[in-house]
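Shown next, in structure tokens, is the structure this report addresses.
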Amino acid sequence: MSKGPTWLYFPEWLTADIWHFPFACEKFSRYVPPGSRVLEVGFGSGRILSKVAFDSESSCTGVDVNDGAFKSLAYFAKQQGVEVASVKGDGFCLPFRDGSFDVVYSEGVIEHFPIWKSQMLLEEHVRVCRRGGIVIVSVPNRFALVHSLTKRLLGDRFLFSPESSLSTFQLAGMMSRVGVDIVKRDGFAFGCQFYMFQEFFMEKTSREVLKRITRAILKQMRKTKLYHFENPRLNSLFGFQTMVIGRRSA
């Protein structure tokens with residue numbers, strides 16, 4: 001088992017209220033019914049799962065393959081004052097019985113694999129969700145064009161490479177094929193793609209004067225509603241991440 005990359009767990013932007021985390025936490029909490037049995041597949045830092053546990057007062061479990069993720073989850077769970085169970089395991093073969101959870105979700109996971117393997121991940125999401133339970137998946141949005149540009153410019157140097165992007169329609173289609181009835185489409189943090197362009201490309205490749213200009217533009221954007229739309233349809237179509245919420249078919 002290879003070690004997880006250290007950048008995933010405690011970079012400065014992970015603990016600050018920047019990037020997409022505040023919006024992602026709010027969105028996932030919104031669609032998790034209070035008191036649910038919840039599983040996050042590939043919890044990574046654990047920041048979202050800890051906040052979901054706090055907001056929904058649910059029994060939450062996270063599964064991840066990387067050792068560093070567990071230290072990070074413990075940090076954020078303590079920050080929220082919650083207890084969150086964690087299991088080391090593979091999303092392609094989740095170590096849980098069929099129908100073990102009311103809600104199964106993942107954020108920023110399935111896009112790191114070829115489509116056929118992403119479909120396998122989704123099949124496991126569905127297997128461990130009870131019939132009639134909720135399955136939520138969020139991925140980078142194909143129509144977050146600045147984010148797509150950032151990935152193209154950086155190539156293999158992109159921090160999260162390999163990563164593909166999907167439209168809300170592609171993601172909904174994949175979920176439908178594994179037995180999920182689509183209930184709602186949403187998304188979040190349209191402006192986060194500009195933050196990533198600034199942080200991952202401009203800060204590393206540009207002259208200081210250009211950095212100052214783009215920093216100023218980003219600072220002003222973060223003060224507006226353009227950074228995160230209130231409208232779920234706009235979020236699903238153009239947000240930095242698109243999210244699909246569905247129910248496991250009976």
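The values are calculated or read from the model by the stated rules, or taken from the named source; none is laboratory data. Keep in mind that what you see is a predicted model, and the values were worked out from it rather than measured. FYI the Cβ positions are ideal-geometry reconstructions off the backbone, even for glycines, and counts take in every protein chain you see.
For segment 164-212, give me the residue count where each residue is modelled with pLDDT of 95 or more, surrounded by fewer than 19 Cβ atoms within 10 Å (Cβ to Cβ) and among the charged types (D, E, K, R).
Residues in segment 164-212 being modelled with pLDDT of 95 or more, surrounded by fewer than 19 Cβ atoms within 10 Å (Cβ to Cβ) and among the charged types (D, E, K, R): 3 in total.
If V135 passes every condition in (1) hydrophobic (A, V, I, L, M, F, W, C); (2) within 21 Å of P22 (Cα to Cα); (3) surrounded by fewer than 20 Cβ atoms within 10 Å (Cβ to Cβ) but one, which one does it miss?
V135 satisfies every listed condition except (3).
Yes or no: K78 over 21 Å from C129 (Cβ atoms) and without any contact (Cβ under 8 Å) to a residue 12 or more places away in the chain? Spell out how you get there, then give the answer.
Values: over 21 Å from C129 (Cβ atoms): yes; without any contact (Cβ under 8 Å) to a residue 12 or more places away in the chain: yes.
It is true that K78 is over 21 Å from C129 (Cβ atoms) and without any contact (Cβ under 8 Å) to a residue 12 or more places away in the chain.
Quick check on segment 43-61. Is at least one of its residues closer than 26 Å to K117 by Cα and assigned to a strand (DSSP E or B)? Walk me through how you get there before you give the answer.
At the first step, the residues of segment 43-61 found to be closer than 26 Å to K117 by Cα are 43-49, 60-61.
Then drop every residue that is not assigned to a strand (DSSP E or B), which leaves 60-61.
Checked against the condition, which is being closer than 26 Å to K117 by Cα and assigned to a strand (DSSP E or B), segment 43-61 yields at least one hit.
Output the qualifying pairs, or none if there are none: Cβ atoms under 6 angstrom, residues six or more apart or on different chains, first residue in segment 18-39 and touching a residue at least 12 places away in the same chain (Cβ under 8 Å), second residue in a helix (DSSP H, G or I) and surrounded by fewer than 17 Cβ atoms within 10 Å (Cβ to Cβ).
Pairs that qualify, where the first residue is touching a residue at least 12 places away in the same chain (Cβ under 8 Å) and the partner is in a helix (DSSP H, G or I) and surrounded by fewer than 17 Cβ atoms within 10 Å (Cβ to Cβ), are W19/W13.
I'd like the full set of residues that are of a type in the set (K, R), more than 21 Å from P140 (Cβ to Cβ) and part of a helix (DSSP H, G or I), limited to segment 195-242.
So in segment 195-242, the residues of a type in the set (K, R) come out as 204, 207, 211-212, 215, 219, 222-223, 225, 233.
Add one more test, that the residue is more than 21 Å from P140 (Cβ to Cβ), and what stays is 207, 211-212, 215, 219, 223, 225.
Residues satisfying the conditions are K211, R212, R215, K219.
Looking at segment 172-187, I want the residues that are on the phi > 0 side of the Ramachandran plot and in a strand (DSSP E or B) and have a partner that is at pLDDT below 95 and among the acidic types (D, E) with Cβ atoms under 9 Å, at least 6 apart or on another chain. Which pairs are those?
From segment 172-187, no pairs qualify.
Exactly one of these conditions fails for C192: (1) closer than 25 Å to P34 by Cβ; (2) within 18 Å of the chain's Cα centre (by Cα); (3) not polar (S, T, N, Q). Give me its number.
Condition not satisfied by C192: (1).
From S236, S161, which residue is closer than 30 Å to Y31 by Cα, within 21 Å of the chain's Cα centre (by Cα), at pLDDT 90 or above and among the hydroxyl-bearing types (S, T, Y)?
That would be S236, the only listed residue that is closer than 30 Å to Y31 by Cα, within 21 Å of the chain's Cα centre (by Cα), at pLDDT 90 or above and among the hydroxyl-bearing types (S, T, Y).
Could you tell me whether segment 86-109 includes any residue that is part of a helix (DSSP H, G or I) and either on the phi < 0 side of the Ramachandran plot or among the β-branched types (V, I, T) (or both)?
Going residue by residue through segment 86-109, those that are part of a helix (DSSP H, G or I) are none.
No, because not a single residue in segment 86-109 is part of a helix (DSSP H, G or I) and either on the phi < 0 side of the Ramachandran plot or among the β-branched types (V, I, T) (or both).
I'm trying to understand the selection: among the residues of segment 110-119, which are within 22 Å of L49 (Cβ to Cβ) and in a helix (DSSP H, G or I)?
We begin by selecting, within segment 110-119, every residue within 22 Å of L49 (Cβ to Cβ); these are 110-113, 118.
Correct list: I110, E111, H112, S118.
Here's the yes/no breakdown for (1) more than 11 Å from S50 (Cα to Cα); (2) touching a helix residue (DSSP H, G or I) at 6+ places or on another chain (Cβ under 9 Å); (3) at pLDDT below 95; (4) aliphatic (A, V, I, L, M):
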residue: K71; (1), (2), (3), (4): yes, no, yes, no
residue: F76; (1), (2), (3), (4): no, yes, yes, no
residue: Q79; (1), (2), (3), (4): no, yes, yes, no
residue: V84; (1), (2), (3), (4): no, yes, no, yes
residue: D102; (1), (2), (3), (4): yes, no, no, no
residue: E107; (1), (2), (3), (4): yes, yes, no, no
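Report the residue count in segment 124-146 for those that are under 15 Å from the mean Cα position of the chain (by Cα) and either in a helix (DSSP H, G or I) or not hydroxyl-bearing (S, T, Y) (or both). Can you show your working first?
Looking only at segment 124-146, we keep the residues that are under 15 Å from the mean Cα position of the chain (by Cα), and these are 125, 135-142, 144.
If we keep only those that are either in a helix (DSSP H, G or I) or not hydroxyl-bearing (S, T, Y) (or both) as well, we get 125, 135-137, 139-142, 144.
Selection size over segment 124-146: 9.
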